[in-house]
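Working notes, beginning with the structure itself.
The values are calculated or read from the model by the stated rules, or taken from the named source; none is laboratory data. Worth saying up front: this structure is predicted, and the values here are computed from it rather than measured. Neighbour counts run over all protein chains shown; Cβ positions are idealised from the backbone, glycine included. The accessibility values were calculated without ligands, DNA or RNA, using every heavy atom of the protein model including side chains. Shrake-Rupley method; radii C 1.70, N 1.55, O 1.52, S 1.80 Å.
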Amino acid sequence: MSRALVIGGSGGIGSAVADVLRKNIADVHVISRREHGLDIRDERSIRDIAAILDNRGLRFNLIFVATGALEVCGTPPEKSFSVIKADAMAEAFAVNAIGPALLIKHFSALLAKDERAVFAFLSARVGSIEDNRLGGWMSYRASKAALNQLVKCASVEIKRSHPNAIITALHPGTIETPLTKKYARGRYTSTPHEGAEKMLSVLDKLTAEDTGTFLDYNGDEIPW
């Protein structure tokens, strides 16, 4: 990979991914709400930043989307349908599904066209419908399942214009970040840096035939 872009680069995983990439790639770009005003709930914000990069003639071999939210509107993940709040569910979909859909809309044209290019999205194993054995966390589960469907749709569409592109959803494991602190109870898979190294190693091994997949941090396929 000769040029990479990390979207959501101020978060625990996003910043770690950017740091690992900088050790191997000279040209790493990072976009975040904190530094650039990116708001993935606002299409104008997404469109304007994509346009700036496009006007610079930048094309990327990797676009890594590290955005997402587990707790929204100050509401923890639901344990029962009885506590579902419509506004919190709508916000979860806005951040975890609609925002990434808009990123696909405006950033897919920035993928390198005649070279291998990867568009990777942070998803979560709990977004797997087949793997759901415990229930609960309805808004988060459903919004990540929606993200997975969007990734699959994008893999079909983008392949028509970018035959060497790989569009994939990644489960990072339980990374030790403020996002997981309330819920992991010390059961961490890895640190952000370790998780970033694992996920980037998985991405490095993928070929165009792997587009439209849902993988974990070891490269194992997760059922939809």
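Tabulated values for the structure
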| item | result |
| --- | --- |
| Output for the range 54-72, where each listed residue is touching a strand residue (DSSP E or B) at 6+ places or on another chain (Cβ under 9 Å) and either farther than 24 Å from Thr174 by Cβ or at pLDDT 95 or above (or both) | Leu58, Arg59, Phe60, Asn61, Leu62, Ile63, Phe64, Val65, Ala66, Thr67 |
| Filtered residue count, the range 209-218, keeping only those that are closer than 16 Å to Leu62 by Cβ and assigned to a loop (DSSP other than H, G, I, E, B) | 1 |
| Residues being assigned to a helix (DSSP H, G or I) and not charged (D, E, K, R) - total across the range 188-208 | 10 |
| Selection within the range 34-48 - within 14 Å of Ala94 (Cβ to Cβ) and outside any loop (DSSP other than H, G, I, E, B) | Glu43, Ser45, Ile46 |
| Tally of residues being touching a strand residue (DSSP E or B) at 6+ places or on another chain (Cβ under 9 Å) and either open to solvent by 60 Å² or more (accessible area, probe 1.4 Å) or at positive phi (or both) across the range 25-47 | 2 |
| Tabulated pairs, the range 194-212, first within 19 Å of Leu5 (Cβ to Cβ), second open to solvent by 10 Å² or more (accessible area, probe 1.4 Å) and aromatic (Phe, Trp, Tyr), C-beta under 6 angstrom, 6+ apart or interchain | Met199/Tyr217 |
| Any pair with Cβ under 6 angstrom, 6 or more apart, that starts in the range 129-148 at a residue that is free of Cβ contacts under 8 Å to residues at least 60 places away in the same chain and among the basic types (Lys, Arg) and ends at one that is assigned to a helix (DSSP H, G or I) and open to solvent by 30 Å² or more (accessible area, probe 1.4 Å) | Arg141/Val126 |
| Every pair of residues 6+ apart whose Cβ atoms lie under 6 Å, when the first sits in the range 82-102 and is touching a residue at least 12 places away in the same chain (Cβ under 8 Å) while the second is among the basic types (Lys, Arg) and open to solvent by less than 50 Å² (accessible area, probe 1.4 Å) | Asn96/Lys144 |
| Candidates Ala51, Ala26 - the one that is modelled with pLDDT of 95 or more, among the small types (Gly, Ala, Ser) and over 21 Å from Asn164 (Cβ atoms) | Ala51 |
| Boolean, Val95 is open to solvent by less than 10 Å² (accessible area, probe 1.4 Å) and under 25 Å from Thr177 (Cα atoms) | no |
| Filter result (free of Cβ contacts under 8 Å to residues at least 24 places away in the same chain and of a type in the set (A, V, I, L, M, F, W, C)) within the range 52-78 | Ile52, Cys73 |
| Qualifying positions in the range 98-138 - farther than 30 Å from Ile52 by Cα, open to solvent by 20 Å² or more (accessible area, probe 1.4 Å) and outside any helix (DSSP H, G or I) | Ile129, Glu130, Asp131, Asn132, Arg133, Leu134, Gly135, Trp137 |
| Output for the range 80-89, where each listed residue is within 25 Å of Gly11 (Cβ to Cβ) and either open to solvent by 60 Å² or more (accessible area, probe 1.4 Å) or among the polar types (S, T, N, Q) (or both) | Lys85, Asp87 |
